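Remarks on the structure that follows.
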Amino acid sequence: MLAHAGRVNALGEMASGIAHELAQPIAAMLSQSQAAKRALAIGRQDILEKALDANIREAKRAGDILGRMRAYISGAPADIKMVPLDEAITEAMRLVEADIKARAINLNMIIPADLPAVPIDVVSFQQVIHNLVRNAADAVARCPSPLITLTAGREGDGVAIEVADNGPGIETGSLHRIFDPFFTTKPDGMGLGLPLSSRLIERMNGSLEAHNDGGATFIIRLPLGEAA
Ligand code: ADP
């Protein structure tokens, strides 16, 4: 009985997780398709092509997310490959840049040229960066000069990637709960972004932690792996 309840809960959690992760690419495809229709109406082939490219990218991303989720449910290991860290970050940021720009948020990227390759699951890594940046964007929404700073560098035996914002920081008393499934302080939040991100990073043998430092700062730590 209890085991069954546990399984039903885990399933519900997973279903909510999938819905959470897919909401963004689907919303992006909707707005890009609307843009494509407008472009068609005014005969702007260039805008049409850009919108279609964005749609292809987002549809691939949605497919990738479903593939990852399937792998996660089946307990298959993460698809870990050695990837240059700067490439992984640049690619991940490409997916959120338009949103940040549309919200008039300044983005400061401090990515040194000599970053090593790291053993990561690229799609999961992108999802994590995406979640952290989206949370940071939500946090700075009411700031007079909203700023998100993304810093990457070597640290000890591995690398660290920091996503910091100049928002109000994590609410006092919530710091120990933000990685719990369904913990959210947002009216439309699901509270699944951080627990999923943390699990995905752990599957890459890394860690994800948070602290307040002016605004909120999230730090991903990853090992270098054998090849480094
Ligand atoms: P959701 O975004 O749906 O609330 P998350 O798991 O991503 O789910 O985040 C959980 C909670 O952690 C948020 O509701 C918020 O209270 C807090 N949080 C996350 N990122 C930040 C941030 N950058 N600044 C302040 N609080 C944050």
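The values are calculated or read from the model by the stated rules, or taken from the named source; none is laboratory data. Everything numeric in this text was worked out from a predicted model, so none of it was measured. Note that each Cβ is placed from the backbone with ideal geometry, even for glycine, and that neighbours are counted across all protein chains shown. For accessibility, only protein heavy atoms count, side chains too; no ligands or nucleic acids. Shrake-Rupley method; radii C 1.70, N 1.55, O 1.52, S 1.80 Å.
With the chain treated as a Gaussian network of Cα nodes joined by springs under 10 Å, which of Ile161, Ile80, Ile89 yields the largest mean-square fluctuation?
With Cα springs under 10 Å in the chain, the top fluctuation among Ile161, Ile80, Ile89 is at Ile80.
HN-Hα J couplings of segment 147-157 from phi, Karplus 6.51/-1.76/1.60, θ = phi - 60°, integer Hz, Gly and Pro as x?
Using θ = phi - 60°, the values come out as 9, 10, 10, 10, 10, 10, x, 6, 8, x, 8 Hz.
Over segment 80-228, with the other protein chains present, what is the accessible area per residue in square angstrom, probe 1.4 angstrom?
49
Where in segment 130-149 is the amide nitrogen less than 13 Å from a point lying 7 Å along the Cα-to-Cβ axis of Asp188?
Residues 138 qualify, since their backbone N sits under 13 Å from the label point.
Using just the Cα positions, wrap segment 64-136 in a convex hull and report its mean projected area in square nanometres, one decimal place.
If I average the Cα hull's projected area over directions, I get 5.5 nm².
Provide the three semi-axes, in whole Å and in decreasing order, of the ellipsoid equivalent to the chain as defined by the square roots of 5 times the Cα gyration tensor eigenvalues. Display every interim value, and only then the final one.
Numbers: eigenvalues 144, 106, 86 Å².
After diagonalising the Cα gyration tensor, the semi-axes are 27, 23, 21 Å.
What figure in square angstrom, to the nearest 10, would you give for the accessible area of Glu58 with a 1.4 Å probe?
10
May I ask you to give the percent of accessible area on the chain that is carbon plus sulfur, with a probe radius of 1.4 Å?
56
What shape does segment 102-226 take by its C-alpha gyration tensor, where a ≥ b ≥ c are the square roots of the eigenvalues and a/c under 1.5 counts as rounded, a/b above b/c as prolate, and the rest as oblate?
Because a/c hits 1.5 or more and a/b fails to exceed b/c, segment 102-226 counts as oblate.
Go through segment 211-225 residue by residue and turn each phi into a ³J(HN,Hα) via Karplus (6.51, -1.76, 1.60, θ = phi - 60°); whole Hz please, and just put x for glycine and proline.
8, 9, 8, x, x, 9, 10, 10, 10, 9, 10, 10, x, 7, x
Keeping all protein chains in position, work out how much accessible area Arg44 exposes to a 1.4 Å probe, and write it in Å² to the nearest 10.
Accessible surface of Arg44 is approximately 100 Å².
Counting only residues 5 or more places away or on other chains, whose amide H sits under 5 Å from the amide H of Gly169 once H atoms are built in the peptide plane?
The answer is Ala216.
When the gyration tensor of segment 189-228 is built from Cα positions, what are the square roots of 5 times its three eigenvalues, in whole Å, from largest to smallest? Numbers along the way, then the final one.
Details: eigenvalues 102, 46, 5 Å².
Computed over segment 189-228, the values are 23, 15, 5 Å.
Using label points projected 7 Å from each Cα along Cα→Cβ, tell me how many nm separate Ala15 and Ala41, to one decimal.
Placing both labels 7 Å beyond Cα along the Cβ direction yields 3.8 nm.
Out of Pro195, Pro25, Pro144, any idea which swings most in a Gaussian network model of the chain, alpha carbons joined below 10 Å?
Taking springs between Cα atoms under 10 Å, the residue moving most is Pro144.
Of the cross-linked pairs Lys50/Lys101; Lys81/Lys101; Lys37/Lys60; Lys37/Lys81; Lys50/Lys186, which ones have a Cα-Cα span greater than 28 Å in the structure shown?
Details: Lys50/Lys101 17 Å; Lys81/Lys101 31 Å; Lys37/Lys60 21 Å; Lys37/Lys81 39 Å; Lys50/Lys186 32 Å.
Too far apart for the 28 Å limit: Lys81/Lys101; Lys37/Lys81; Lys50/Lys186.
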